[in-house]
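Here the structure is laid out as structure tokens; the discussion comes afterwards.
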Amino acid sequence: LLGCKVVNVAVNPFGNFEGADYVGGQLSMYGWAIDPDTANSVTIHFYVNGQWGGAFTADGFRPDVGVAYPGYGDYQGFPVQSFNVPHPDVTYMVVCAWAINSGPGENVLLGCRVPILPV
């Protein structure tokens, strides 16, 4: 016996929160996410101005992601997810998206975006 080692095999999800739009009380977000721990689609949690906004599954058709990351398939995107969000009492809105890890490891902040609000 040469020895034993403890190896951490936790792999966190990764992806890109590409953008957010706010039109007519609807918040739409687009991007993609992959969790190497599973072949299933990643759950995305989002927050608006630091408050819980909701959750959805990144299972939209994104063939560009499938080409870039073969083995995970073409359905890892959130091309457009729309949610009713009341117009805030501020002149800006910060939307942050988190990829929720399905295995060992941690949830990952995909990014924050500031959609343009109607005047």
For the chain, calculated [θ]222 nm from helices alone, where every DSSP H run of n ≥ 4 adds -39500 (n - 2.57):
-1000 deg cm²/dmol
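For the pair residue 16 and residue 91, what calculated FRET efficiency results from E = 1/(1 + (r/R0)^6), where r is the Cβ-Cβ distance and R0 = 41 Å, to the nearest 0.05?
It comes out at approximately 0.95.
Roughly speaking, what is the stretch gain from residue 23 to residue 40, that is 0.36 nm per residue apart minus the C-alpha to C-alpha distance, in nm to one decimal?
3.1 nm
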Can you give the charge dipole size of the range 1-114 about its Cα centre, rounded to the nearest 20 debye, using +1 on the beta carbon of Lys and Arg and -1 on the beta carbon of Asp and Glu?
180 debye
With every protein chain kept in place and a 1.4 Å probe, the chain has an accessible area per residue in Å² of 59 Å²
Obtain the nm distance between the two label points defined at residue 107 and residue 57 by a simple spin-label model: each point lies 7 Å from its Cα along the Cα-to-C-beta direction.
1.9 nm
Got a sec to turn the phi values of the range 22-28 into Karplus ³J(HN,Hα) couplings, 6.51 cos²θ - 1.76 cosθ + 1.60 with θ = phi - 60°, whole Hz, x for Gly and Pro?
10, 9, x, x, 10, 9, 10
Label assignment, Kirkwood radius over Cα pairs in Å derived from the structure, set (i) 17.4; (ii) 14.7; (iii) 15.3:
(iii)
How much of residue 67 can a 1.4 Å solvent probe reach, expressed as accessible area in Å² and rounded to 10?
120 Å²
Residue 67 to residue 116: FRET efficiency via 1/(1 + (r/R0)^6), r the Cβ-Cβ distance, R0 25 Å, to the nearest 0.05?
0.25
For residue 59, solvent-accessible area (1.4 Å; no DNA, RNA or ligand), Å²
80 Å²
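How high is the relative contact order of the range 18-104, in percent, with contacts defined as C-alpha pairs under 8 Å that are six or more residues apart?
36 percent
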Charge dipole of the chain built from unit charges on the beta carbon (Lys, Arg +1; Asp, Glu -1), centred at mean Cα; most positive-end Cα among 49, 105, 14 is 105
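The values are calculated or read from the model by the stated rules, or taken from the named source; none is laboratory data. These numbers were taken from a predicted model, which means no experiment stands behind them. For neighbour counting, all protein chains shown are included, and Cβ atoms are generated from backbone atoms with ideal geometry for every residue, glycine included. Surface areas here come from the heavy atoms of the whole protein model, side chains and all, with no ligands, DNA or RNA. Shrake-Rupley method; radii C 1.70, N 1.55, O 1.52, S 1.80 Å.
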